[in-house]
1. Per the Kirkwood treatment, what hydrodynamic radius in Å, one decimal, follows for the stretch 152-222 from the mean inverse distance over all distinct Cα pairs?
2. Measure up Lys25/Lys152; Lys211/Lys333; Lys85/Lys330; Lys152/Lys272 against 23 Å on the Cα-Cα distance and list the ones that go over.
3. For the chain, compute the orientation-averaged projected area of the C-alpha convex hull (one quarter of its surface), in nm².
4. Taking the Cα atoms only, what angle lies between the long axis of helix 312-331 and the longest principal axis of the chain, rounded to 10 degrees?
5. Dividing the Cα convex hull volume of the stretch 99-159 by residue count, how many Å³ per residue is that?
6. Averaged over all directions, how much area does the convex hull of the C-alpha atoms of the stretch 3-83 cover when projected, in nm²?
7. Output the 0 to 90 degree angle, nearest 10, between the alpha-carbon long axis of helix 181-191 and the longest principal axis computed from the alpha carbons of the chain.
8. How high is the relative contact order of the chain, in percent, counting Cα pairs under 8 Å that sit 6 or more residues apart?
Amino acid sequence: MEKVKVGIAGLGRLGKVHANNIAYKIPNAELTAACSIMPAELEYAQNELGVKDVYTDFDEMLAKADIDAVAIVTTSGLHCSQIAKALDAGKHVFSEKPLGVNVEECKQAEVAVERHPELSFFLGFMRRFDPSYAYAMEKIKAGLIGEPYMVKATGIDPEALVQGAIRFAPTSGGIFIDMAIHDIDLMRWFLGEDPVEVYASGATFKHPEFKAAGDDETGVAMYKCKSGKIGFVHVGRTAPYGYHVETEIVGTEGTLRISPVPEKNLCMIYDKNGAVKECVSGFPERFAQAYLLEMQEFIDCVQTGRKPEVKVYDGTKSTQIAFATTQSYKEGKPVVIDY
Ligand SMILES: NC(=O)c1ccc[n+]([C@@H]2O[C@H](COP(=O)([O-])OP(=O)(O)OC[C@H]3O[C@@H](n4cnc5c(N)ncnc54)[C@H](O)[C@@H]3O)[C@@H](O)[C@H]2O)c1
């Protein structure tokens, strides 16, 4: 096929980012259909993206639209059922993370993917496509830091968005399920091993609403692998300076740090506050390139038949680890992770 025809499901915060990339920035893709339960978002697709074929029902889009592939950017609890339906309808599938909101669902998605080896299934762990993370992985593969044995991953949302997080807290599944999945994926990717034990804890010093919802505004978790490798994940919702995603990989011969200062760009501002580097404001800005590069890779996989590097099993594993982390956090003791 000359261009891969894509139908997108979900045109919210992230759906719009993916939709714009498919419509305007990926030469071998075409956005031919869109689905959302929000009429205003379908108007957006028609007016801003030039998509005439719009639906309020996912099944109807699968049945009627002229599409080769589906990009699923809907609410997390819908991903697994939509993945299975789309694959069974003969469509290649890109799905946002998390794969599912519980392990049983993820296992069902695994079965659906296994049922269709002829189709591409791509899971959106986009940090792996961020040029700095990809560069770090190249250095590790080249042996620059020897054997990587510890990953410290930080992911803190901006305080500017905290009211949304407070509203979402009672239904989010808790800070680890909600926020740590990308950091867990990076830990697994860089260590090349899955953790077998976790101990987690949390703290709230600024917004008691999180405690009232049975959650915390800060979460920390320590992971141990069978070989002795260690992971440390710190997630939070109250960075006053912006969006802080930082990762450190420690090896026997050196260390790599990705964005130790979450700087916006290379501009240094000298003013009455001193010499200041502004910070990146949120995930759409920090990972703009990663969202584009991962979608380009999905489209290329569809066209060439190349298998995506991230497997459906990576989605299940990261969900299992996030649930074990939440269990440890709730019980206040270490938890063995059974796969
Ligand atoms: N990779 C990342 O960095 C990242 C960042 C943000 C969000 N996400 C994930 O992307 C997904 C969407 O997040 P968001 O922040 O854009 O959410 P959002 O609430 O802004 O958008 C959700 C979208 O889903 C659509 N939707 C809901 N039910 C539907 C249905 N039955 N059929 C069709 N469409 C339906 C809504 O109309 C809306 O367009 C979530 O799973 C989230 O975890 C990933």
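1. On the way: mean 1/r = 0.0764 Å⁻¹.
After inverting the mean inverse Cα-Cα distance, the result is 13.1 Å.
2. On the way: Lys25/Lys152 33 Å; Lys211/Lys333 19 Å; Lys85/Lys330 35 Å; Lys152/Lys272 34 Å.
Long pairs (Cα-Cα over 23 Å): Lys25/Lys152; Lys85/Lys330; Lys152/Lys272.
3. On the way: hull surface 74.3 nm².
With every direction weighted equally, the projected area is 18.6 nm².
4. 40
5. On the way: hull volume 10.7 nm³, N = 61.
Looking at the stretch 99-159, the number lands at 175 Å³ per residue.
6. Numbers: hull surface 18.8 nm².
Across all orientations, the stretch 3-83 yields a mean hull projection of 4.7 nm².
7. 70
8. Values: 697 pairs, mean separation 66.5, N = 339.
Value for the chain: 20 percent.
Read-outs throughout are calculated quantities, based only on the coordinates presented, and are distinct from any laboratory measurement. These figures come from a predicted structure and were not determined experimentally.
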